[in-house]
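Engineer: One structure, pasted below without further comment.
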Amino acid sequence: MQRAINRGQLTFMNHIFGPVNSRRLGRSLGIDLLSEKICNLNCIYCEVAATTRLTCERSEYVPTADIIAEIDRYFSDADRLTEIDVVTVTASGEPTLHSGFGEILAHLKAKTGKPVAVLTNGTTLTDKQVRQELALADVVIPSLDSAREESFRKLDRPASCIDLSKVIDGLVEFSHEYKGKLWLEILFAQGINDSAADVEALQDVLDRLRVDRIQLNTVARPPLLAYAQPVLEYRLQEIATLLRKRNPDCPVDLLAQGAPTNDTGASGGKGQEQTEVLDEIIQMLKRRPCTAADINKIFHCGDPEKVEQYLAPLVRSGRIHTRSHEDRLYYVFHEE
């Protein structure tokens, strides 16, 4: 039996989570189309987990009817529409690999009347059907971390079925077909895709694209592999400055801070109420690692120190682990 966990306005269901405050999108309700890490990439910086099924095949990995039923169940309370600014379609892996993606997107548009955003790695834009389905979205945020084959394979570790040149062509084609807002995200990792040649190759692609925003990111949370390190802050700023000069009509945003120059890399309530809070925190950690400060912002436990007190028994039991990254301590869910 499906169970929803609620606290105030925050909900976790099998495929629905939030709403959470998004810097980019406002009050965002997440829709996760997959139940495991199904993707055509196995990025070394991924904060979710290693890809369990590395594939380019589109399939109904989760019954479309189940996801639609959960959406209907959530919005059976019409007041929930007032709590969100946008519905964000994402996944533990790549959402457009779900063959019911277009049907689910159309249902969300009709059911909510809210703007719908999609987070995608952009690799499936080679498929005309995917491009047609994505056209329903109000905001599409694809990623392109590298336009050079060597860097792309080191950083994103694609399935053998991925051809980078075709991925770029698909992204370019979609950018000129699409009528909504298109924000391109680029994540840089130190020593892998941050060279002058890498930035120049990306700029060559940008010259071919129609995008509304360029969003630069780096490794800000504990990555899948420890050698995925954030670029230095001065380098991230250099890249941003260069892209702003080369793309004067397109805003360039920084989604994360780079590492300090001298950085050496990674190395409430009581009783039932507290139990419910802990359950919700665990649901959040299953999706991504968080610091005590991150958790406190969402759950309003009082302060980060109180969060640490809440989580201490779970750390001792091994249910969650702690992990240090960039001088910050993250809590990470431990898969059995």
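The values are calculated or read from the model by the stated rules, or taken from the named source; none is laboratory data. It should be emphasised that the depicted structure is a prediction, and the values quoted were computed from it without experimental measurement. Here the Cβ positions follow ideal geometry from the backbone for every residue, glycine too, while neighbour counts run over all protein chains shown.
Engineer: Which condition number in (1) acidic (Asp, Glu); (2) modelled with pLDDT under 75; (3) exposed (fewer than 14 other Cβ atoms within 10 Å of the Cβ) is the one that ASP263 fails?
Structural biologist: All conditions are met except number (3).
Engineer: Suppose the filter is modelled with pLDDT of 95 or more, part of a helix (DSSP H, G or I), crowded, with 20+ Cβ neighbours inside 10 Å and among the acidic types (Asp, Glu); does GLU133 pass it?
Structural biologist: Working: modelled with pLDDT of 95 or more: yes; part of a helix (DSSP H, G or I): yes; crowded, with 20+ Cβ neighbours inside 10 Å: yes; among the acidic types (Asp, Glu): yes.
In short, yes.
Engineer: Suppose we filter ASP156, ASP145 for residues that are touching a Cys at 6+ places or on another chain (Cβ under 7 Å), surrounded by 15 or more Cβ atoms within 10 Å (Cβ to Cβ) and under 15 Å from GLU94 (Cβ atoms); which single one remains? First the steps, then the outcome.
Structural biologist: Details: ASP145 fails: touching a Cys at 6+ places or on another chain (Cβ under 7 Å).
Only one candidate qualifies: ASP156.
Engineer: Then there's this: Only one of LEU236, LEU243 is over 19 Å from GLY122 (Cβ atoms), touching a strand residue (DSSP E or B) at 6+ places or on another chain (Cβ under 8 Å) and either of a type in the set (Phe, Trp, Tyr) or in a helix (DSSP H, G or I) (or both). Can you tell me which?
Structural biologist: Going through LEU236, LEU243 in turn, just one is over 19 Å from GLY122 (Cβ atoms), touching a strand residue (DSSP E or B) at 6+ places or on another chain (Cβ under 8 Å) and either of a type in the set (Phe, Trp, Tyr) or in a helix (DSSP H, G or I) (or both): LEU236.
Engineer: Please go through the stretch 169-214 and give me each residue that is loosely packed, with under 15 Cβ neighbours inside 10 Å and among the basic types (Lys, Arg), ordered by number.
Structural biologist: LYS179, ARG208, ARG210
Engineer: Residues of the stretch 55-88 being farther than 30 Å from ASP156 by Cβ and either of a type in the set (A, V, I, L, M) or not assigned by TED's automatic domain parsing to the domain that holds SER22 (or both), which ones?
Structural biologist: ALA65, ILE68, ALA69, ILE71, ALA78, LEU81, ILE84
Engineer: Something else now. Considering only the stretch 93-102, state which residues are part of a helix (DSSP H, G or I) and either modelled with pLDDT under 95 or crowded, with 21+ Cβ neighbours inside 10 Å (or both).
Structural biologist: Matches in the stretch 93-102: PRO95, THR96, LEU97, PHE101.
Engineer: Suppose we keep only residues that are part of a loop (DSSP other than H, G, I, E, B), farther than 21 Å from VAL86 by Cβ and not β-branched (Val, Ile, Thr) within the stretch 19-46. Which one would you say is nearest to the chain's Cα centre (by Cα)? Explain how you work it out, then say what you get.
Structural biologist: In the first step, residues of the stretch 19-46 are kept if they are part of a loop (DSSP other than H, G, I, E, B); the result is 23-25, 33-37, 40, 42-46.
Now restrict to residues that are farther than 21 Å from VAL86 by Cβ: 35-37, 40, 42-46.
Cutting the leftovers down to not β-branched (Val, Ile, Thr) gives us 35-37, 40, 42-43, 45-46.
On the way: SER35: 15, GLU36: 14, LYS37: 13, ASN40: 15, ASN42: 14, CYS43: 12, TYR45: 12, CYS46: 9 Å.
The residue in question is CYS46.
Engineer: In the stretch 54-92, which residues are at pLDDT below 95, within 24 Å of ILE44 (Cβ to Cβ) and part of a loop (DSSP other than H, G, I, E, B)?
Structural biologist: ALA91, SER92
Engineer: Let me ask something else about it. Any chance the stretch 313-323 includes a residue that's exposed (fewer than 15 other Cβ atoms within 10 Å of the Cβ), modelled with pLDDT under 80 and part of a loop (DSSP other than H, G, I, E, B)?
Structural biologist: yes
Engineer: Now for a separate question. Condition first: within 30 Å of PRO115 (Cβ to Cβ) and of a type outside the set (A, V, I, L, M, F, W, C). Now tell me which residues in the stretch 174-207 satisfy that. Before you say what the answer is, go through the steps one by one.
Structural biologist: Within the stretch 174-207, the first condition is being within 30 Å of PRO115 (Cβ to Cβ), and the residues that meet it are 174-188, 202-203, 205-207.
Passing the criteria: SER175, HIS176, GLU177, TYR178, LYS179, GLY180, LYS181, GLU185, GLN203, ASP207.
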